[in-house]
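K.L.:
Take this structure first; my questions come after.
The values are calculated or read from the model by the stated rules, or taken from the named source; none is laboratory data. Remember, predicted model here, so these are calculated numbers, not experimental data. For neighbour counting, all protein chains shown are included, and Cβ atoms are generated from backbone atoms with ideal geometry for every residue, glycine included.
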Amino acid sequence: MQTHLTCNVEQYSQRIKMRDNVDAPREVEHFANFSAIKDARAAAAALEQLGYSVTVARRMVFRATLRATQQATVDVETADRMVEEVFGVVAGHHGDYDGWGAPLVQG
């Protein structure tokens, strides 16, 4: 998880250079991969209880990709909170957290 938290600081710096209004809410997407679709569905249910909108897509026969979204700002504190939250749920359901992304909001 530490690697993802370090990336939050780097992404914040890049967003500031691109004049992103990091304090403006926007849809933030989190991605994860699972080797068992049942684990992805269980993680999705847990994330929905935390207020995320979640989709699970089948990859190959049993594997799955999870996409969880939530309206949020992208300042470091908020990004860290979301990464810790989503990473914890994903890891607790045997998945691999793959990071997050969000559009730039200028202004």
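K.L.:
Residue by residue through the stretch 1-39, note down the ones that are under 18 Å from the mean Cα position of the chain (by Cα), of a type in the set (Gly, Ala, Ser) and closer than 14 Å to Asp75 by Cα.
P.N.:
Listed by number, the list holds a single entry, Ala24.
K.L.:
Could you check the stretch 19-46 and list, in sequence order, the residues that are of a type in the set (A, V, I, L, M, F, W, C) and either under 17 Å from Ala68 (Cβ atoms) or touching a strand residue (DSSP E or B) at 6+ places or on another chain (Cβ under 8 Å) (or both)? Explain how you work it out, then say what you get.
P.N.:
The initial filter retains those residues of the stretch 19-46 that are of a type in the set (A, V, I, L, M, F, W, C), namely 22, 24, 28, 31-32, 34, 36-37, 40, 42-46.
Residues satisfying the conditions are Val28, Phe31, Ala32, Phe34, Ala36, Ile37, Ala40, Ala42, Ala43, Ala44, Ala45, Ala46.
K.L.:
Looking at the stretch 45-61, is at least one residue modelled with pLDDT of 95 or more and among the basic types (Lys, Arg)?
P.N.:
Within the stretch 45-61, none of the residues are modelled with pLDDT of 95 or more and among the basic types (Lys, Arg).
K.L.:
Is it fair to say Arg41 is at pLDDT 95 or above and under 16 Å from Val105 (Cα atoms)?
P.N.:
Answer is no for this residue.
K.L.:
Sticking with this structure for a sec: Using beta carbons and a limit of 9 Å, which pairs, at least six apart or on different chains, have the first residue in the stretch 1-27 and of a type in the set (Lys, Arg) and the second one at pLDDT below 95 and in a loop (DSSP other than H, G, I, E, B)?
P.N.:
Matching pairs, first to second residue: Arg19/Gly107.
K.L.:
Evaluate the stretch 12-33: report whether one residue or more is of a type in the set (D, E, K, R) and within 15 Å of Val90 (Cα to Cα). Working first, answer last.
P.N.:
Going residue by residue through the stretch 12-33, those that are of a type in the set (D, E, K, R) are 15, 17, 19-20, 23, 26-27, 29.
In the following step, the residues that additionally are within 15 Å of Val90 (Cα to Cα) were identified as 29.
The answer is yes; a qualifying residue exists.
K.L.:
Under the condition of being surrounded by 16 or more Cβ atoms within 10 Å (Cβ to Cβ) and polar (S, T, N, Q), which residue from the stretch 63-107 is nearest to Phe31 (Cα to Cα)?
P.N.:
Thr65
K.L.:
Under 7 Å between Cβ atoms, which residue pairs at least 6 apart in sequence (or on different chains) link something in the stretch 42-55 that is touching a residue at least 24 places away in the same chain (Cβ under 8 Å) with a partner that is among the aliphatic types (A, V, I, L, M) and in a helix (DSSP H, G or I)?
P.N.:
Short answer, once both residue conditions are applied: Ala43/Val89; Ala43/Val90; Ala46/Val89; Leu47/Val86; Leu47/Val89.
K.L.:
Among residues belonging to the stretch 47-62 that are over 21 Å from Glu85 (Cβ atoms) and touching a helix residue (DSSP H, G or I) at 6+ places or on another chain (Cβ under 8 Å), point out the one that is surrounded by the most Cβ atoms within 10 Å (Cβ to Cβ).
P.N.:
Filtering the stretch 47-62 for residues over 21 Å from Glu85 (Cβ atoms) gives 57-62.
In the following step, the residues that additionally are touching a helix residue (DSSP H, G or I) at 6+ places or on another chain (Cβ under 8 Å) were identified as 58, 62.
Details: Arg58: 11, Phe62: 13.
So, considering only residues that are over 21 Å from Glu85 (Cβ atoms) and touching a helix residue (DSSP H, G or I) at 6+ places or on another chain (Cβ under 8 Å), the one surrounded by the most Cβ atoms within 10 Å (Cβ to Cβ) is Phe62.
K.L.:
Also, quick follow-up: Of everything in the stretch 1-46, what is β-branched (Val, Ile, Thr), surrounded by fewer than 16 Cβ atoms within 10 Å (Cβ to Cβ) and within 16 Å of Arg81 (Cβ to Cβ)? Give them in sequence order. Steps first, please.
P.N.:
Initial filter on the stretch 1-46 (β-branched (Val, Ile, Thr)): 3, 6, 9, 16, 22, 28, 37.
Okay, now just the ones that are also surrounded by fewer than 16 Cβ atoms within 10 Å (Cβ to Cβ), so 3, 6, 9, 16.
If the condition is that a residue be β-branched (Val, Ile, Thr), surrounded by fewer than 16 Cβ atoms within 10 Å (Cβ to Cβ) and within 16 Å of Arg81 (Cβ to Cβ), then Thr6, Val9 are the ones that fit.
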